[in-house]
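To start, the structure itself, in structure tokens.
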Amino acid sequence: MRERLQPGATIDGFRLGECLHKGGTGYIFSVTAPPERDPGFPMVMKAPALGPGEPTIGIDSFEIEQMIVPILTGPSVPRFVAAGDLTATPYIVMERIDGEGLEKIIAQAPLPPGEVARVGSALADAVHSVHTQQVIHLDLKPENVMLRPNGDAVLLDFGFARHARYPDLLAESKDFAAGSAAYVSPEQLQNDRSDPRSDLFALGVLLFELATGTQPFGEPQTYAGMRDRLWREPLPPCALNERVPPWLQEIILRCLEPVAAARYQSAAQIAFDLRHPEQVTLSERAGRTEGAGFFPQFARWWQSRRDRHALGRRQNIAIRAPVIMVAVDTEHPDDERHPSLQLATRQLVALNPEFRLMCVSVVRAAPLGEGPADADTASGKHLEHKTRLRHWVEPLKLPSSRLSLLVVEAANATATLLDLARANHVDLIVLGAPGPTERALAWWRSVASSVTANAPCSVYVVRVPEGPVESRPD
Amino acid sequence: MRIALLSDIHANTEALTACLRHAGEHGAQRFAFLGDFVGYGADPGGVVDIVIRYAAEGAVALKGNHDQAVEKSAGYFNEAALAAIEWARQTLSDEQKRFLASLPLVARDGTVCYVHASAASPERWDYIDSPSAAKRCAEAAKSLYTFCGHVHDQLLYFEDANGRMCEFRPTPGTPIPVRSRRRWVAIVGSVGQPRDRNPAAAYTLFDRGREQLTFYRVPYDAMVAADRIRKCGLPESLACRVELGI
């Protein structure tokens, strides 16, 4: 017999406190644990509503959550504590997230663009973190996101989620393949639960709401109404809130593209653009001022019918959309290592069609007491290095939408490169091996070695091939 | 409690030894041999001896269609398979043959059912090659977990909310949560003759306490096993299959 879920009850040693939430699918209680099991942070217990008349989907979702929550790590998800036997006492005990619900924030929308970018980039970070752990959330909506006091976003409720290497318990349950009407992606509406870019579509809906206070496709009550998004172009955000700048409109509408291949290809790329508005490449989307007329909409509808088969064919769950960061020494433009570094970058970019390339130059801070010449002022120096960086990458002939150039003034190149790599979800750092002058130093003192030792990702250290060693007569 | 599930060993001692070592290193405490110890390979006697030893210590051992073919006629086998059965008949001792003849077709242990082919009429050697075949098997087994061989590729079937069986192709080495509130049918893979163009031996580990299933691929020296097949005069095609995993 199952212990009754009510304040004061004890389940497997966890003492139930206040009931924080009672919804259609279950309950959330605050709980405490005996000292020997106390993990040292506040906890909640989530338990499904069970009994006659309750839908089985509730317990299926709960099973999925029990499969996925324990293996997720990082600040973007609640920390897992314990789970109860599914057939006897199903529950999950996990970290209680104190902070603000996204629902509350959206209630205040429209927000200023800077705020949309701040909340949106935290959200994109969280989605990226979950995606790198092979999980797609598939039910992103305001109720399922919290913001910690430090600004980090936390994703909740993995009951509709999908793990790339686990059986999908909801795969064949077509009625439940779709998440929530306002946020569900075109792929989910076509019973495809294997595309991480579905989360990017939902993220686009959330950004749209934050920026305008309205939902791009409303909250349709019927399946046919939901299917509109397979072809319908949403109203441009600036038509609803004139303060939405072109860069933000570009980001939002790119997330909402009906065909996944036309969207951003990773949440990391969305986070990057939200943090670097000046680097966003504007397309026709940025300039839209009103909804598309009848004929363009009709053309999209027609196109969507033709694309439908193509959508279903995609299989691979992990999308290769890496962020590659190359460190370029613009202070020594004649260094012999540049051609090798350019060649390596060209090869890496060719291997990854959905790449994003960040070219970074770390220059020493401008000396105090700036000289009279333009090139000596801080801004003049900055501009000079940015020009050199552009010149460096120019031969690669990359589209500007895949490229960002960054000049950072700092004394410590290693720390700067590592910070940038972490902040921008970089997948690969490319940099030169120590040159002839640095070789006199111990290897571990070079930038290449300390970046390699501490990087959050892979590092490609490029060396100029050594010429044949001349044999010298004694 | 971790149980190693080994099937379709097909007289390949090299592959079996590699899997048993791997399972030991991964904490296997119990062993279930799901049949087809002989056929196709060079060393039926070596494999049967290992199974006899484990069975004496409590391991589950079941009869497969190739094991049955040693005692009965095997009309439906192809020429290469028949040659290998003939080889097994010549090389197995009477004691080894008696052991094979004595094996059951099905074994049960609480919520688990072991069978070589399908729990639905195991004597017919039906292949579980579709969700509906898996459904028939699970229903006949009347248990939460059914572990089978016979089909050489690793595959996991599970029941969804509507009672339909769904097919899932596992990634080797990833522990998959298999909670006991639905029925699961696992094809554990072939130790001695994988056919998915990967010669590495296949077996599966079931962690009963954690309700986890991990499908494994274990690399071993398939060239040695193939050479032995050639040396004992069996058809070249059987050596190639082991060497290339086809």
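Roughly how crowded by other chains is peptide B:157-163, in terms of the mean Cβ count from those chains within 10 Å of each of its Cβ atoms? Mind showing how you got there, number by number?
Values: counts 1, 5, 2, 9, 14, 5, 1.
Shielding by partners across B:157-163 averages 5.
For the charge dipole of the protein assembly as shown, defined by +1 on Lys and Arg C-beta atoms and -1 on Asp and Glu C-beta atoms about the Cα centroid, which residue among A:ALA126, A:VAL362, B:GLY46 has the Cα displaced farthest towards the positive pole?
Value: B:GLY46.
Report the label-to-label distance for A:ARG227 and B:SER102 in nanometres (one decimal), using points 7 Å from each Cα along the Cα→Cβ vector.
Taking the simple label geometry, A:ARG227 and B:SER102 are separated by 6.4 nm.
Average partner chain C-beta neighbours within 10 Å, per residue of A:64-72?
1
Students often check this: by mean Cβ neighbours within 10 Å, which of A:226-234, B:61-69 ranks highest, and how do the rest follow?
Details: A:226-234: 19.6, B:61-69: 24.9.
Highest to lowest by the protection proxy: B:61-69, A:226-234.
When only DSSP loop residues count, what trypsin sites (Lys or Arg not before Pro) in the stretch B:118-171 have their Cβ near at most 12 other Cβ atoms within 10 Å?
Passing both the DSSP loop test and the Cβ count: B:LYS142.
How large are Rg and Dmax for chain A when calculated on the C-alpha trace, in angstrom?
Here Rg and the maximum Cα pair distance are 25.7, 95 Å.
To the nearest 20 Debye, how big is the dipole of the stretch A:323-462 about its Cα centre, given +1 on the beta carbon of each Lys and Arg and -1 on that of each Asp and Glu?
Using Cβ point charges on Lys, Arg, Asp and Glu, the stretch A:323-462 gives about 400 debye.
How big is the dipole moment of chain B about its Cα centre under a simple scheme where the beta carbon of each Lys and Arg is +1, that of each Asp and Glu is -1, and everything else is neutral? Debye, nearest 20, please.
Values: 29 positive and 29 negative charges, 153 e Å.
That gives a dipole near 740 debye.
Using the Cα centre as the reference, give the magnitude of the dipole from point charges on the C-beta atoms of the protein assembly as shown (Lys, Arg: +1; Asp, Glu: -1; all else neutral), rounded to the nearest 20 debye.
Working: 77 positive and 86 negative charges, 217 e Å.
The dipole of the protein assembly as shown has a size of about 1040 debye.
Hey, what number do you get for chain A at 222 nm if only DSSP H runs of n ≥ 4 count, each worth -39500 (n - 2.57), divided across all residues, to the nearest 500?
Result for chain A, helices only: -10000 deg cm²/dmol.
Peptides B:108-116, A:142-150: what's the order by average Cβ count within 10 Å, highest mean first?
B:108-116, A:142-150
Once you average over the residues of B:165-175, how many Cβ atoms of partner chains fall within 10 Å of each Cβ?
Mean partner shielding for this stretch: 3.
Could you please state, rounded to a whole Å, how far the C-alpha centre of the stretch B:151-187 is from the C-alpha centre of the stretch A:95-119?
40
Rank A:PHE80, A:THR25, A:PRO113 by how far each Cα sits towards the positive end of the charge dipole of chain A (+1 on Lys, Arg Cβ; -1 on Asp, Glu Cβ) and give me just the farthest.
A:THR25
When the distances between all Cα atoms of chain B are binned every 5 Å from zero, what whole-number percent does each bin get?
Computed distribution, short to long bins: 1, 7, 15, 20, 20, 17, 11, 6, 2, 0, 0.
Order by neighbour count: B:TRP184, B:TRP125, fewest other Cβ atoms within 10 Å first, most last.
Placing the least packed residue first, the sequence is B:TRP125, B:TRP184.
I'd like to know which of B:ALA239, B:ILE128, B:THR17 lies farthest towards the positive end of the charge dipole of chain B, counting +1 on Cβ of Lys and Arg and -1 on Cβ of Asp and Glu.
The residue sitting most towards the positive pole is B:ILE128.
For A:TRP247, B:TRP87, which order do you get if you count the other beta carbons within 10 Å of each Cβ and list the fewest first?
By the 10 Å Cβ count, ascending: A:TRP247, B:TRP87.
Against the empirical 2.2 N^0.38 Å scaling, what ratio does the C-alpha Rg of the stretch A:100-313 come to?
Values: Rg = 16.2 Å, N = 214, 2.2 N^0.38 = 16.9 Å.
Ratio of Rg to 2.2 N^0.38 Å for the stretch A:100-313: 0.96.
Run the helix sum for chain B: -39,500 (n - 2.57) per DSSP H stretch of 4+ residues, divided by residue count, reported at 222 nm to the nearest 500 deg cm²/dmol.
-10500 deg cm²/dmol
Throughout, read-outs are computed from the coordinates displayed, never taken from laboratory work. All values reported here derive from a predicted model rather than from experimental measurement. Cβ coordinates were reconstructed from backbone atoms using ideal geometry, including for glycine residues, and neighbour counts include every protein chain displayed.
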